[in-house]
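*Asks:* Handing you this structure, nothing more for now.
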Amino acid sequence: MTKDERIIAFGKRVREVRKAKGISQEKLAELANIDRSYMGNIERGEKNVTLKKVYEICDALEVDISELVFSSLS
């Protein structure tokens, strides 16, 4: 299975922002209404999340989508 570098970069960016805000992975999962293990998969770039989930993660982190999506592409 080929890994998509964009999905990996997105997951890394989620982790960076989460840690910068001092939020545990478990708490972020709870705030975003996502199972904790699934959140781990997202942060490791193992899951291609839906746009709805991306927005839920953004809401939970209180950031604009551009901070997660476009920052991860540079």
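Quick note: the coordinates plus some simple rules give every number you see, no bench work behind them. Quantities reported herein were computed from a predicted structural model and do not represent experimental measurements. Cβ atoms come from the backbone with ideal geometry, glycine included; neighbour counts cover every protein chain shown.
*Asks:* Residue-wise, which Karplus ³J(HN,Hα) couplings in Hz belong to segment 10-26, taking 6.51 cos²θ - 1.76 cosθ + 1.60, θ = phi - 60°, and x for glycine or proline?
*Replies:* 4, x, 5, 5, 4, 4, 4, 5, 4, 5, 4, 8, x, 9, 6, 4, 4
*Asks:* Moving on to the next point. Add +1 for every Lys or Arg and -1 for every Asp or Glu among the other residues with Cβ under 14 Å from the Cβ of residue 47, and state the total.
*Replies:* With Lys, Arg at +1 and Asp, Glu at -1, the net is +3.
*Asks:* With just the Cα atoms defining each centre, how far is segment 1-23 from segment 32-61? Give it in Å.
*Replies:* 10
*Asks:* A follow-up question, please. With unit charges on the beta carbon (Lys/Arg positive, Asp/Glu negative), name the residue among 28, 63, 42 whose Cα is farthest towards the positive pole of the charge dipole of the chain.
*Replies:* Result: 42, furthest along the dipole toward the positive end.
*Asks:* Moving on to the next point. Could you tell me whether segment 13-74 comes out rounded, prolate or oblate from its Cα gyration tensor? Rule is a ≥ b ≥ c as square roots of the eigenvalues, rounded for a/c under 1.5, then prolate if a/b exceeds b/c, otherwise oblate.
*Replies:* It comes out rounded by the Cα gyration axes.
*Asks:* Separate question: With labels modelled as points extended 7 Å from the Cα through the Cβ direction, what inter-label distance (nm, one decimal) is found for residue 24 paired with residue 59?
*Replies:* 2.3
*Asks:* Using a simple charge model, +1 on the beta-carbon of Lys and Arg, -1 on the beta-carbon of Asp and Glu, nothing else, what dipole does the chain show about its Cα centre, in debye to the nearest 20?
*Replies:* That gives the chain a dipole magnitude of about 220 debye.
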